[in-house]
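Input: a single structure, listed below in structure tokens.
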Amino acid sequence: AQSVTQLGSHVSVSEGALVLLRCNYSSSVPPYLFWYVQYPNQGLQLLLKYTTGATLVKGINGFEAEFKKSETSFHLTKPSAHMSDAAEYFCAVRAMNRDDKIIFGKGTRLHILP
Amino acid sequence: SQTIHQWPATLVQPVGSPLSLECTVEGTSNPNLYWYRQAAGRGLQLLFYSVGIGQISSEVPQNLSASRPQDRQFILSSKKLLLSDSGFYLCAWRGGREAYEQYFGPGTRLTVT
């Protein structure tokens, strides 16, 4: 069965520093992968997605993620953190043979230090 | 463009009372619809999903139920709330066979007292 592992339930970075949120997946079929962001008391917002093609995917708010099949990873990065990036981030993968479902990781809360 | 609405935004209910949360989607037809719950400090738990009117699949056995009386309406209900039903409830939709991502509503914060 597919699964998603997000390393680190909490990550702290200084404002202006590199943001790196780690996500590893398991899937026996070509994965479709997603990153979502959730601000307090709001719904999830799609940041970016990988389906096929270019392995470096650019999303909103300056975020990008790279699909690395050999490492089964889909880490999320942003060159320079901003205070407004403080939120919870979820990595997700399409469920195998179940186009109607996606599986979410447990989330990583990103803290931005002034 | 598509939009998804949920109401109420917040709700405080006593144990044993009934529940009805509503979700509606605009700007799309025949979407897949989903109910998720986020308990404090935990991730997303898929509760129900629907691929069409009257078609409901339950992911977790519990005292909640869901219904889809219209194409773009999804309702989450309970006859008697438990303390453990407290949480943040999210509705989501997925449109089109080639679109695998889901889009979420603003959520309902439910506190059972």
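Tell me which GluC sites (Glu not before Pro) from the stretch A:33-99 have a DSSP coil assignment and no more than 16 other beta carbons within 10 Å of their own. Kindly include the intermediate steps, with their values, before the conclusion.
Working: sites: A:64, A:66, A:71, A:88; in loops: A:71.
Sites meeting the loop and neighbour criteria: A:71.
Select from B:28, B:1, B:11 the residue farthest towards the positive end of the dipole of chain B; place +1 on Cβ of Lys and Arg, -1 on Cβ of Asp and Glu, and compute about the Cα centre.
B:11
Compute the distance from the alpha-carbon center of the stretch B:34-74 to that of the stretch A:52-81, in whole Å.
30
Considering the dipole of the protein assembly as shown built from charges on the beta carbon (Lys and Arg +1, Asp and Glu -1) around the Cα centre, which of B:86, B:62, B:43 is farthest to its positive end?
Checked the options; the winner is B:62.
Explain nothing, just the number: dipole magnitude of chain B about its Cα centre with +1 on each Lys and Arg Cβ and -1 on each Asp and Glu Cβ, in debye rounded to the nearest 20. Working shown, then result.
Working: 9 positive and 7 negative charges, 51 e Å.
So the magnitude is around 240 debye.
Rounded to whole Å and ordered largest first, report the semi-axes of the equivalent ellipsoid of the stretch B:1-95 derived from its Cα gyration tensor (root of 5λ).
On the way: eigenvalues 98, 37, 33 Å².
Computed over the stretch B:1-95, the values are 22, 14, 13 Å.
Considering only the other residues whose Cβ falls under 13 Å of the Cβ of residue A:59, what net charge follows from Lys and Arg at +1 and Asp and Glu at -1?
-1
For the protein assembly as shown, just give the cysteines left without a disulfide-compatible partner, judged by no other Cys Cβ under 4.7 Å.
Isolated Cys, the protein assembly as shown: none found.
Just add up the charged neighbours of residue B:26: K/R +1, D/E -1, any other residue whose Cβ is under 12 Å from the Cβ of residue B:26. Display every interim value, and only then the final one.
Details: positive: B:72; negative: B:71.
Neighbourhood net charge equals 0.
So who's got an amide H within less than 5 Å of the one on residue A:109, skipping anything under 5 residues away but keeping other chains? H placed 1.01 Å off N, in plane.
For residue A:109, the qualifying residues are A:10, A:11, A:89.
What fraction of the DSSP beta bridges in chain B is antiparallel, stated in percent and rounded to the nearest 5? Kindly include the intermediate steps, with their values, before the conclusion.
Working: 37 of 41 bridges.
Given both bridge residues lie in chain B, the antiparallel proportion sits at roughly 90 percent.
Which ³J(HN,Hα) values, rounded to whole Hz and listed in residue order, are derived for the stretch B:16-24 from phi using the Karplus coefficients 6.51, -1.76 and 1.60 in 6.51 cos²θ - 1.76 cosθ + 1.60 with θ = phi - 60°, glycine and proline given as x?
Using θ = phi - 60°, the values come out as x, 7, x, 9, 8, 10, 10, 9, 9 Hz.
Please compute the modelled spin-label separation between residue B:111 and residue A:17, points set 7 Å along Cα→Cβ, answer in nm with one decimal.
Spacing of the two 7 Å Cα→Cβ label points: 3.5 nm.
Throughout, read-outs are computed from the coordinates displayed, never taken from laboratory work. Predicted, not measured: the structure shown is a model, and the values here were computed from it. Reconstructed Cβ throughout: ideal geometry from the backbone, glycine too, with neighbour counts over all protein chains shown.
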